[in-house]
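The values are calculated or read from the model by the stated rules, or taken from the named source; none is laboratory data. Predicted, not measured: the structure shown is a model, and the values here were computed from it. Note that each Cβ is placed from the backbone with ideal geometry, even for glycine, and that neighbours are counted across all protein chains shown. We work out accessible area using only protein heavy atoms, side chains counted, and drop any ligands, DNA or RNA first. Shrake-Rupley method; radii C 1.70, N 1.55, O 1.52, S 1.80 Å.
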Amino acid sequence: MKYINFLFLLVLFFFSACKHRTEKERAIADTLFVAVEPVCPAEPPLVAGSVTLSEDDFGPLVELSGKQQLFDENGPVFKLSEPEVLIIEGCFLFQNRPAGGMVQIRNENGTTTVKPMGGEEGALPNFFHWYHLPDFRYMASMGQQGNGPGEFIYPHLVQSCKKAPGAYLYETTTSRLYMADTAGTLKPVPVDFQKIKGSTYSNKQIVVAAPDTLYSVDNVRGGKALFRTVLREDSTVTEQIYNLSFSKKHKGWAAYIGDFAMSPSGSRIVYAYKYFRKLLVMDKEARIVRDISFDAEGVDAKDDVKTLGPDNVTYYWGISATDRYFFLVYSGRTPIKVGQETNKGNGYIFVEQYDWGGNPVARYRLDRWGKVFTDGTTFYLLCYKYDDPLFLYALPENK
């Protein structure tokens, strides 16, 4: 039981509520979450089977204009690079790759060391930054860039469900999972991720469903698959519960790249494909699966070469989950086309809204191109064209 007990203690240690602080109180203790029995609204029925949708099923397109939002000037100065966001209980956790990047240096003894480009001395830059909502007051930074203990090279933010409140981070190169608090403290979570047989490269997407249960999507031979990891006393048990590969013409994992999330209740799973206009909604056992596409005949018409070619269309490019809905960021154009549009102006991006039964609810067009995240009331868009990259969009209420 030591893994489960350890995680439970971490949850109790974590925060209770994101409190206001005065201008003089630049450092705060972490008070974001308390472990409580989650209360989630009833989710709509999930009907198994394949369904083909059209954009008309969303109703009229809703066009939204954004308002620029400045980050607190007391926070770090950064250039937008590979951003990720978690919105948690009144706080905004922002991941951004530090400027300059890292370089691998070969030592005389044959080992390698990863250092910041240019060989800067002193403290390494951080990946993760906490801000208070809605005013974006700076709170703390954490997660130094580097290959030392507790440092990060290729990290990802990790969604957690209501049974496992908290903020989690995953470092790809070391397969290490961490729990974070708003004071900037990181604590390792003792999970031993098992190597997947037949896979030569791992790039996990993880959701922490409960203190003793994780779900992940990772590469397998011939594609990608969904896994469940359970902590049992002194062992970690991982099992594949659904194969996300679906086409004989696509035998590599890269063709099946996509976005993965769970409902806050932990009872529903969604996976949306980047290179196909296709998504799957399923229960947590992957026994009831709703297969949604917008072109049933053409969804697997391409082969790997065409799918990963330079003129390939990007479909889904981001996901956010709330109690009632999930939101998919949708491009529908090639990177070349997007580049041409943004060279002439701000570009644009779409967001599709679904309920947890996989039913379309609304479709939005945001007046800039960028990475989009939402808490269900506001779209937070990070636009690469601006030194102050954050724009906010208020969502209309769904009747």
- Give the residue, chosen from 205, 194, that is surrounded by fewer than 17 Cβ atoms within 10 Å (Cβ to Cβ) and in contact (Cβ under 8 Å) with a residue 24 or more places away in the chain. 194
- Item | Hits in the stretch 225-263 (condition: within 14 Å of residue 213 (Cα to Cα) and open to solvent by less than 40 Å² (accessible area, probe 1.4 Å)) | 226, 227, 228, 229, 230, 231, 236, 241, 262
- Message: Here's a check for you: in the stretch 302-327, which residue that is modelled with pLDDT under 90 and outside any loop (DSSP other than H, G, I, E, B) is surrounded by the most Cβ atoms within 10 Å (Cβ to Cβ)?
- Response: 307
- Query: Looking at this structure, is residue 330 under 25 Å from residue 90 (Cα atoms), touching a strand residue (DSSP E or B) at 6+ places or on another chain (Cβ under 6 Å), among the aromatic types (Phe, Trp, Tyr) and surrounded by 19 or more Cβ atoms within 10 Å (Cβ to Cβ)?
  - Reply: no
- Return a yes/no flag: does the stretch 271-285 have any residue that is out of contact with any Leu (no Cβ under 9 Å at 6 or more places or on another chain), closer than 30 Å to residue 165 by Cβ and surrounded by 15 or more Cβ atoms within 10 Å (Cβ to Cβ). yes
